[in-house]
Each structure stands twice: as structure tokens, then as C-alpha cells.
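Okay, structure first, notes after.
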Amino acid sequence: MMDNRFATALVIACVLSLISTIYMAASIGTDFWYEYHTLSPAENVTEAGRSIWEEFVSKDADEKTYTDALFRCNGTVGLWRRCITVPKNSHWYSPPETDMTTNCISFSLSDQFVEKYIEPGNHNSGTDLNRTYLWRLQFLLPFVSIGLMCFGALIGLCACACRSLYPAIATGVLHFLAGLCTLGLVGCYVAGIELLHRKLPLPEDVRGEFGWSFCLACVSAPLQFMAAALFIWAARTNRKEFTLLKAYRVA
């Protein structure tokens, strides 16, 4: 049997788990982890700016090349894609226009594991191990987090089928580990951005800020911790009360 308190705690934990999963999936799939705001992006797309844009979409674009383009063209960066805002018509014979469009390029799987250099763009400067591993972790950790929550949900379904609260402890532990992964993801991303901007400082007319995709990941972590606490509390407390009730009946 299950007390109403424990049933309520489980329902709230499941709702928190579902919301955090949706937030994590949305943050992974969107491109607004970090945003650059340029005062006059249309004026920055000059003849030189067009060549930078062409290099930005090139498969051979290095970190410095696409970062410069992000600075100049109101760029946004996600875990999987980078985007810039450019005029729709950028031919040399066309007059300047204010009708802008956003073009995005996806990071390939090899880009996610590529080495970062001490001097971005200079392959002879040596490997920057801190930024390299931070970049790789920010790619891997969100998938580990979602995987742990999905596995926890599977255990929860098994618990419902068995009509037992005991497996909910494992579900809570998995959600706690998922929260640690999400928290680690946020920390790795912030540290990576700060280290990058030390190497490539923002121009005076460019402002950078964390976007709403990053905020979704930040909100997801405490939701996972709260869900974990409720799962573990409900399972452990119900188990203690059941043990006491059984001992009382035996006595």
C-alpha cells in the first residue's frame, strides 16, 4: 500500500522530471547558448565581411575565422550549430539593404572532438588542453544527463508494474547524477566561453551574453535535483513506515 503523501511526492517528482527533460532537449536542440550583439551588423558586411562570411560557411573554417564572423554579424552559438545574421542579397553590385537573414552551420562530429589551440587559428601554437576538454565535455554531458533520466524513467515504470516504491530510490539516484551532469555542462560552457574571450577579446562595439538556451539548461539542473530528492524521500520514508507497521503487527 502507498500513503497519499508518497503518491503526491511521486507525481510531483515525475512532473519535475518531465519538465527538466523537455528543457534539456530544447536547450540541446537550439542555437542560443551564447549571443553576440553588434551595433551595426549591416554595415559590417562589407567586401571584407563577405569573404569572412564565405570562410564561415566553409568546412575548413577554424575557430578564429568563425568567431570573428560571429562578432561582426550578430552571431549565436549552440552546442551543435553556429549562426550569423547577414543581408539576404550580398552581391557586390547590390546596394546595402536592411533585410537580414540568419544562416547556420552545424558542427560536425569531428568538430566536437577537434583540438583547441593556445592561439585560436594558429595550429603551430600547441594544444590548449583546458579548452579542448571543456569543449568535449559540453558536448557529451547533456546526452549523459538525458540518458540517465530516461533510464530512471524506465526503472520507475518497472516499479509501477511491480507495485513497489523501492526502485524509486534508484530513480532518484539517477536523477541526482543527471543533475550533476547538467551542472557540469553549465560550468564547462561558462568556463569555455570565458577562456575563449581571453584569447579573442570582444570588440568595443560588440556585446556578448548568455542566451535562453543556456538558461533552460540552468533551470533544468535544480529541477533534476528536486525530482531526485522527492523520489528518494518517498521511497525511503515509505519503506521505514512499512517496516514499522510490519514490526507492530508481529508484536
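The values are calculated or read from the model by the stated rules, or taken from the named source; none is laboratory data. Note that the coordinates shown come from a computational prediction; the quantities given were computed from them, not determined experimentally. All Cβ positions, glycine included, derive from the backbone under ideal geometry; neighbour counts span all protein chains shown. Accessible surface areas use protein heavy atoms only, side chains included; no ligands, DNA or RNA. Shrake-Rupley method; radii C 1.70, N 1.55, O 1.52, S 1.80 Å.
General observations
- Within segment 7-53, the set of residues being modelled with pLDDT of 85 or more and more than 22 Å from PHE210 (Cα to Cα) comprises VAL11, ILE12, ALA13, CYS14, VAL15, LEU16, SER17, LEU18.
- Of all residues assigned to segment 146-169, none qualifies as being small (Gly, Ala, Ser) and either touching an Asp or Glu at 6+ places or on another chain (Cβ under 8 Å) or within 30 Å of ASP68 (Cα to Cα) (or both).
- Test: residue in segment 54-68 that is at pLDDT below 85, touching a Lys or Arg at 6+ places or on another chain (Cβ under 9 Å) and among the hydroxyl-bearing types (Ser, Thr, Tyr): no
- Every test in (1) loosely packed, with under 14 Cβ neighbours inside 10 Å; (2) in contact with a helix residue (DSSP H, G or I) (Cβ under 8 Å, 6 or more places away or on another chain); (3) at pLDDT below 85 is passed by MET100 save one, and that test is (1).
- Segment 104-149: number of residues that are within 18 Å of the chain's Cα centre (by Cα) and open to solvent by 60 Å² or more (accessible area, probe 1.4 Å): 8
- Flag if THR171 is assigned to a helix (DSSP H, G or I), touching a Ser or Thr at 6+ places or on another chain (Cβ under 6 Å) and either open to solvent by 30 Å² or more (accessible area, probe 1.4 Å) or of a type in the set (Val, Ile, Thr) (or both): no
Residue by residue, here is whether (1) at pLDDT below 90; (2) under 30 Å from GLY126 (Cα atoms); (3) not in a helix (DSSP H, G or I) holds:
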site: LEU177; (1), (2), (3): no, no, no
site: GLY184; (1), (2), (3): no, yes, no
site: ALA191; (1), (2), (3): no, yes, no
site: ARG198; (1), (2), (3): no, yes, no
site: GLY208; (1), (2), (3): no, yes, yes
site: ALA221; (1), (2), (3): no, no, no
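- In segment 79-103, the residues that are under 21 Å from VAL114 (Cβ atoms) form Cβ pairs under 6 Å with partners that are part of a loop (DSSP other than H, G, I, E, B) and at pLDDT 80 or above, at six or more places apart or across chains, as follows: TRP80/PHE107; ARG81/ASP31; CYS83/ASP31; ILE84/CYS73; ILE84/GLY75.
Matching residues to (1) touching a His at 6+ places or on another chain (Cβ under 7 Å); (2) under 21 Å from ALA25 (Cβ atoms); (3) among the hydroxyl-bearing types (Ser, Thr, Tyr); (4) open to solvent by 60 Å² or more (accessible area, probe 1.4 Å):
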{"residue": "PHE176", "(1), (2), (3), (4)": "no, yes, no, yes"}
{"residue": "THR182", "(1), (2), (3), (4)": "no, yes, yes, no"}
{"residue": "LEU185", "(1), (2), (3), (4)": "no, yes, no, no"}
{"residue": "ALA191", "(1), (2), (3), (4)": "no, no, no, no"}
{"residue": "GLY211", "(1), (2), (3), (4)": "no, yes, no, no"}
